[in-house]
Amino acid sequence: MEEFESTAVVNQTIMTRENLLEVIAMQESYTICTRCVMDTTAEEISFDQEGVCSFCHYFDTTVKSTLERAKTKEGRRLLEEIVRKIKESGKNKPYDSILGISGGTDSSYLAHLAVSLGLRPLAVHVDTGWNTPESEANIHKLVEKLGLDLEIFVVDWEEMKDLQLAFYKASVKNCEIPQDHAFLAVLYKKAAEKGVNYILTGGNLATESILPRSWGFNAADSRHLLAVHKLFGTKPLKNFPILTFWSRYLYYPFIKGIKEVRLLNLVSYDKKEAKRILAEKYGWKDYGLKHYESVLTRFFQGYYLPTKFGIDKRRAHFSSLILSGQMKREEALEELKKAPYPDSELLKQDKAIIAQKLGLTLFEWEAILALPPRDHSEFPSSEFLYKTKDLLVQKLGIRKRWHNLR
Ligand SMILES: [Zn+2]
């Protein structure tokens with residue numbers, strides 16, 4: 001119960017009678033895993049007799065072996081093999097890979113790792129208009145010291161704004177879809193443009209293996225993105241980078257020979273150690289929690305999700321770290337007692353900045369934030385296609401091969 005009170009659910013600012021009844025009902029059936037810190041705020045969670053949750057079981061059966069492999073000879077062999085392939089594909093080309101960089105720990109460490117493995121990536125950053133000065137400084141320090149070329153793709157601001165506002169007006173869980181989608185689409189675009197076969201991303205199982213499906217929606221789903229925009233947007237999207245299902249899984253891999261590689265899954269990746277190396281070698285600065293490199297993301301994860309949906313993403317992040325042995329459960333519980341926003345003054349400030357940037361008065365912005373929550377399933381999507389793809393990958397037994405790279 002003590003732990004429940006620490007969650008953001010009780011931080012509801014817009015507390016209607018329905019909300020209140022819901023919160024009471026949740027309190028009565030509230031359970032938290034005895035091994036990680038996932039709890040019943042993830043609706044798909046279930047527990048075994050010892051109170052260990054289904055996410056922990058998923059980790060044990062699906063993720064653990066990949067993490068352990070990274071420490072073995074077999075793991076090193078796999079890493080060498082993929083590095084050799086990337087180098088070979090880049091012969092006589094200015095770059096052998098495209099590396100997506102946000103300035104956060106994972107992608108920054110990935111840049112360090114790629115160069116130390118002898119790779120020659122082109123660093124690509126997608127500027128969606130919300131970067132903090134700290135994240136920009138991190139990117140520039142890093143590429144300069146690593147001697148990497150950097151290309152910054154600046155997303156058309158008017159379109160970005162319209163699209164982001166459309167998601168907030170739709171009042172769904174994942175309002176980060178526009179940012180995440182643009183990031184992925186640009187990496188593919190750049191790879192094709194430069195004739196490069198490999199895309200390196202910072203996605204990894206050591207720090208982000210746990211993420212409940214019920215907490216969000218697939219950002220890669222372009223049909224969903226366009227459907228929400230059609231309903232709530234106000235101007236046509238002419239320049240916004242779009243990646244369709246078919247281009248990601250057919251055109252780019254089979255016609256262009258482009259693959260995504262998650263190098264961090266092939267090494268033993270420790271977040272604290274990565275931060276230490278980055279700070280020491282590059283003067284890189286930590287700005288606190290995961291994905292707080294953007295003002296809007298900070299607001300989304302620290303305010304929007306907790307107050308509107310009772311979701312505290314730190315839970316999933318800390319649970320991933322606990323399961324990979326990088327954080328103690330007690331430490332995570334202590335952290336979760338703190339409010340999800342770094343401080344209330346910053347929250348006020350961010351809220352006002354965001355309203356202004358989106359071209360709204362604070363009152364209009366508050367009104368949008370107070371709209372009743374809606375589910376992503378209320379809007380068209382390609383969920384069926386993605387599910388079929390996942391099933392096929394599993395049935396064809398290529399999951400293992402897939403995991404090596406992804
Ligand atoms: Zn658990």
Under 5 Å between amide hydrogens, which residues at least 5 positions from N204 or on another chain qualify, with H placed 1.01 Å from N in the peptide plane? none
So for R276, R314, fewest C-beta neighbours within 10 Å to most, what's the order? R276, R314
Let me understand the range 93-181 better: what is its radius of gyration from the alpha carbons, and its Dmax, in angstrom? 15.0, 46
Distance in nm between E74 and E383 label points, each 7 Å along Cα→Cβ, equals 3.6 nm
Quick one: V52, V115, fewest Cβ neighbours within 10 Å first, how do they rank? V52, V115
Once the in-chain neighbours fewer than 8 apart are removed, the lysines whose Cα is under 22 Å from K194 read K85, K87, K91, K93, K256, K259
GNM result for the chain, Cα springs below 10 Å: residue of F217, F183, F363 fluctuating most strongly: F363
Using Cα centres only, tell me the gap between the range 202-234 and the range 43-63 in whole Å. 23 Å
In the neighborhood of R120, defined by Cβ-to-Cβ distances under 10 Å, what is the net charge if each Lys or Arg adds +1 and each Asp or Glu adds -1? 0
Running a GNM on the chain with Cα contacts under 10 Å, which residue among R248, R120, R213 ends up with the highest mean-square fluctuation? R213
Pop the C-beta distance of T61 and T31 into the FRET formula with R0 = 22 Å and round what comes out to the nearest 0.05. 0.55
Relative contact order (%) - the chain, alpha-carbon pairs under 8 angstrom, separation at least six: 24 percent
Per GNM of the chain with C-alpha springs under 10 angstrom, the most fluctuating residue out of N204, N92, N218 is N92
R0 of 41 Å, Cβ-Cβ distance D156-N92: FRET efficiency to nearest 0.05: 0.75
Roughly how many whole Å is it from the C-alpha centroid of the range 263-285 to that of the range 313-334? 18 Å
In nanometres, what is the gap between the two model label sites at E144 and K285, each 7 Å from Cα along Cα-to-Cβ? 1.4 nm
In straight Cα distance, which lysines are under 27 Å from K337, not counting same-chain residues fewer than 8 positions off? K173, K271, K272, K275, K285, K290, K308, K313, K328, K348, K351
Would you mind calculating the gained length between F245 and R329 on full extension (0.36 nm times residue separation, minus the Cα-Cα distance), in nm to one decimal? 26.4 nm
Just grab the label-to-label distance for E50 and R223, each label 7 Å out from Cα along the Cβ direction, in nm (one decimal). 4.2 nm
√(5λ) per eigenvalue of the Cα gyration tensor, the chain, largest first, Å: 32, 26, 22
The chain - mean residue ellipticity at 222 nm from DSSP helices (-39,500 (n - 2.57) per run, n ≥ 4, rounded to 500): -14500 deg cm²/dmol
Bins of 10 Å, beginning at zero and ending with the bin holding the largest distance: percent of Cα pairs per bin for the range 169-265, please. 14, 41, 34, 11, 0
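Values quoted throughout were computed directly from the atomic coordinates according to the rules given, and no laboratory measurement underlies them. All values reported here derive from a predicted model rather than from experimental measurement. Using ideal geometry, Cβ is built from the backbone for each residue, glycine included, and neighbour counts are taken over all protein chains shown.
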